[in-house]
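These notes concern the structure reproduced below.
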Amino acid sequence: MQRKLQVFVSSTYVDMREERQVAVSLLKAFQATVTSKICRFFGDVNELKLIVLQSVARFALDQDLSGWVRRSDVVDPKATLEEMERLRGENTELRRQLAEWEASKLASVSPDSPAEVASQLNEDAKVLLVDAKDGDGQILYARHSGGASLGTGTKNFLEPYSDREDARWRSALFELRDHRLADDTSSNGTIFRLTRLGYQVADLIDDSSTPSATSSA
């Protein structure tokens, strides 16, 4: 009986010692975690105050920190969101107005008949259109070191070159484009090709400017 008790006490002592070792290991791990996240140890309140002041001074000299922002300097998120919503609504309204304006512009420059289109063209646009029709149906515009050239297959309208003539004939070209008489097939404003309506208007202008057989007789 005495031997059994001795064995029981011994085993219990061994278990308690192992548990103590585990507890000590856990305590050391906990201490290591805590001490890695604190500034320094202190003995009393006065020492704590001194440590805090030293730490604040050190942070103030750290150029890598972003710093603090005063509460009065913080932007009110509600006001910002309201302004964004207002701008979004304004943008939507402007887009709607722009779409309506573009639709009305297309309607205003797309009359029903070639005769109506011809009546709206100035003389330079008419000359350029007929000349393109008599050539290969193309109008070419290119800038170079000497100025620019604008012409059809039969004529360069900027020869000799001048800024005034450049503005004059480019205006005529853009007028043909805006009336859908010539399409920009290059998408960069260098090559224009007459459309079906462009040929119709050019024929109409050409016929109206050609004297009839009776009048010539």
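For Asp206, the conditions (1) at pLDDT 90 or above; (2) charged (D, E, K, R); (3) surrounded by 11 or more Cβ atoms within 10 Å (Cβ to Cβ) all hold with the exception of (1). For Phe42, indicate whether it is among the hydrophobic types (A, V, I, L, M, F, W, C), modelled with pLDDT of 75 or more, out of contact with any Lys or Arg (no Cβ under 6 Å at 6 or more places or on another chain) and not in a helix (DSSP H, G or I). Yes: the conditions hold for Phe42.
Somewhere in region 158-167, is a residue in contact with an Asp or Glu (Cβ under 8 Å, 6 or more places away or on another chain) and loosely packed, with under 15 Cβ neighbours inside 10 Å?
So far as region 158-167 goes, no, none of its residues is in contact with an Asp or Glu (Cβ under 8 Å, 6 or more places away or on another chain) and loosely packed, with under 15 Cβ neighbours inside 10 Å.
Can you pull out every residue in region 128-150 that is within 17 Å of Asn188 (Cα to Cα) and touching a helix residue (DSSP H, G or I) at 6+ places or on another chain (Cβ under 8 Å)?
Gln138, Ile139, Tyr141, Ala148, Leu150
When residues in region 127-151 are screened for being of a type outside the set (Gly, Ala, Ser) and within 37 Å of the chain's Cα centre (by Cα), 7 of them pass. On the given criteria, is Arg170 closer than 28 Å to Ser104 by Cβ and either surrounded by 13 or more Cβ atoms within 10 Å (Cβ to Cβ) or out of contact with any strand residue (DSSP E or B) (no Cβ under 9 Å at 6 or more places or on another chain) (or both)? The answer is yes for Arg170. Pairing residues of region 183-201 that are free of Cβ contacts under 8 Å to residues at least 40 places away in the same chain and within 20 Å of Gln120 (Cα to Cα) with residues that are part of a loop (DSSP other than H, G, I, E, B) and not acidic (Asp, Glu), at Cβ distances under 9 Å and at least 6 apart in sequence or on separate chains, gives Asp183/Thr195; Thr195/Arg180; Thr195/Leu181. Within region 68-87, not a single residue is assigned to a strand (DSSP E or B) and either under 30 Å from Asp184 (Cα atoms) or at pLDDT 90 or above (or both).
Answer yes or no as to whether Gln97 is closer than 30 Å to Val201 by Cα, at pLDDT 80 or above and not basic (Lys, Arg). Criteria not met by Gln97.
The values are calculated or read from the model by the stated rules, or taken from the named source; none is laboratory data. Nothing here was measured: the structure is a model prediction, and the numbers come from that model. Note that each Cβ is placed from the backbone with ideal geometry, even for glycine, and that neighbours are counted across all protein chains shown.
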